[in-house]
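One structure is given below, encoded as structure tokens.
The values are calculated or read from the model by the stated rules, or taken from the named source; none is laboratory data. Since the structure is predicted, the reported quantities are computational estimates derived from the model, not experimental observations. Quick reminder, even Gly has a Cβ in these numbers, built from the backbone with ideal geometry, and neighbours come from all protein chains shown. Side chains are part of the model used for accessible areas, which takes the heavy atoms of the whole protein and leaves out ligands, DNA and RNA. Shrake-Rupley method; radii C 1.70, N 1.55, O 1.52, S 1.80 Å.
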Amino acid sequence: MPNQFDSRLSRDIMRNVKRITRVWAGRISVVAALLLFWGVALWRLGAPSFWYDELFNVNLILGHDLSGMFTVLRTQQPYPPLYYLFLKGWAALLGARPYAPGLEPGSGLEFLLRFPSVLAGVLSLALLFPLGRRLHISGARFLPWLLAVHPVFLWYARDARMYALWVLLTLAAIYALMAQRRWLWWGAAPAALLTHYFALSPLAGAATVAFFTGNLNPPSRTGARPCWLIHLATLGAPFLFLLVWILVALRVALGFQSFGTGSPPDGATFMGIAGPDLLTARVFLEPLGQALNPWWAYGVLGLALVGLMLRAWKAPSRGGICLGAAILGAAATFIGWQLRPVQHVRYLIWLLPLLAPGLAGLVSTLCGRRRAAARGTLAVLGLLVFLWGARQSQAFMTAARTVWYPDFRDTVRLLNERALPGDSGIAVAAHGAEIFTAYRSPVTFVPGPTIGERMQPETAARLASVQRGSGGRVWTLLYQDEAVDPGQVLIGTLEAAGGYRVEMGYSRELRLYAYALPQAASLLPLAPQHPLESTFEGGVALRGWSLHREERLVAVYLFWELLAPQTEAWMGAVHLAPNAASAPTVQRDKVALSDYWTLPDLPVGEIIPDRYEMVIPVDLPAGTYQLFALLYAPDSGQRLPLTTGVDRLYLGDFVWQ
């Protein structure tokens, strides 16, 4: 008997030792993944310049008081208020302040405002472990390793935007449904919905499944069947907070116009975003030449969804909620993009931490009761994903941020170092002036037209005259200006008054020019130097043209007038040729007026300037050349004839020497 007792005791001790070892090994694995992510995410966090969306946040929290911030969110920008309230409080608590690049040292503003996103990323990774355990995934300890250095997860965890917080709150709300934590659901779900409108998609999907599986359904005290109305109210209460906010911000919620809005995505485009863009970071790695073959992403996506389905089949009340959030949430997002085409991987970032348990769940299901095999397989999988993620994340974290975005800070530094007393500036489009809330400058900039407006010659002349009043040079900050000044009327107004560029700065699509003007310059609305009365078939008239030359840069303005509404977005072109029978030596072709303001978008009867820039080759022989203007169909290249029968219009001679 003593030997049998001792043997049983030894076995119990060994089982407890193994259990404790397994528990601590799991904790150590999770903590190690979190510490690794923490270190990588904080590395040079404040080094890159803010990009524009971050600058918008800075302008909102540092450039407005609380009342002004709410006014912007209610009437101008399509974002709920929670993240901005948090960020404004965080900035006030830590004393975040703007600074003037080139004139004073940095204030740490970039690091301070990006840090909350890193913290949200750490908590999201930590939440993957209990979520995996709720799904009965053997080796759930390795889940954080699947995302610890994932390029997409890291990108948004290092961004002073709401996406990392949105992921955390959405994941917490889904976990609350799985774990039957009513108060956590009532806290996390409203917070997620008030962080981003698209949180509605995954949470509505998860809540729909929870309604049918009975999650969060309070038991009846009398033992009778629980009331479905109470269950519906329990699940639906958080969505009332979003409804109230939408009613408060109804104007912008229904009528917002985005600069980046395109055409609604088809199924293939959506799958490209959910697959290669999200899972293998194609959108960020392709400019670096390091994107994987997209079929890797499609394969991983398919396996992860199969894993979620298997978990849902085994445990509908847990796995079904994850599957509902993923499938129904993605479907709802796709439908939302049909109504408002703002498709981008950032709006599917919440899907990434749901697909990770799906992939791990597939391994766990295939291994069945062989838990050691499941843990070993997941450890190898986590190592492989970690090695791939580390290599790709190193590539994008060490690359210049200008691969993706302009360097606003360096542009303001250039402005500050070269500005002279009396200088003033104009920002086109208007939101470009928001840059100066974060990065200060002694040069005062006034905003030009806003998105949805179009620069008129009279407006350009008025803005230039006001800024010229101080007698100094006029700086132009051009960012997304093609959306509001498609014909580059402002630049043409300054050039027509005798202005010429004396300072220039370029950073991707951001352009900074300083124009020196003669003392007696007269800033008048832009008009043709050479009037014309020529008409193309279909009701497009050319009322004149102008030419401005600075060394090898030649800018030709064509002045269009629509005599009838247009249905075709014609391409416009200016050709420089030796003679009428020759092919063009230099040419500039583009959509007339721009991709954002095509001829069908323009009113009848308005004379509209349209700029065509050509750079003369250094080896062009001196001589007299001829300038021609034409319109043609973008698809076929078929030229639109004039009413005289010719297919291109002779403008005049150009002398090059």
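Residue by residue, here is whether (1) farther than 19 Å from A520 by Cα; (2) in a loop (DSSP other than H, G, I, E, B) holds:
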| position | (1), (2) |
| --- | --- |
| T437 | yes, no |
| V446 | yes, no |
| P449 | yes, yes |
| E453 | yes, yes |
| A460 | no, no |
| L463 | no, no |
| T476 | yes, no |
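The numbered conditions (1) within 23 Å of the chain's Cα centre (by Cα); (2) outside any helix (DSSP H, G or I); (3) more than 23 Å from W155 (Cβ to Cβ) are all true for A332 except (2). The set of residues in region 121-141 that are open to solvent by 10 Å² or more (accessible area, probe 1.4 Å), over 17 Å from M178 (Cα atoms), touching a Phe, Trp or Tyr at 6+ places or on another chain (Cβ under 9 Å) and not charged (D, E, K, R) contains only V122. Restricted to region 544-657, the set of strands (runs of 3 or more DSSP E) holding at least 3 residues that are touching a Pro at 6+ places or on another chain (Cβ under 6 Å) and open to solvent by less than 70 Å² (accessible area, probe 1.4 Å) comprises 571-577.
Among the numbered conditions (1) open to solvent by less than 20 Å² (accessible area, probe 1.4 Å); (2) farther than 21 Å from W350 by Cα; (3) not in a helix (DSSP H, G or I), the only one that P265 does not meet is (2). Would you confirm whether or not region 173-180 contains a residue that is at pLDDT 95 or above and open to solvent by 10 Å² or more (accessible area, probe 1.4 Å)? The answer is yes; a qualifying residue exists. Inside region 559-578, residues that are in contact (Cβ under 8 Å) with a residue 40 or more places away in the chain and out of contact with any Phe, Trp or Tyr (no Cβ under 8 Å at 6 or more places or on another chain) make up a count of 7. Of the residues making up region 424-462, those that are surrounded by fewer than 20 Cβ atoms within 10 Å (Cβ to Cβ), closer than 12 Å to N59 by Cβ and of a type in the set (A, V, I, L, M, F, W, C) number 1.
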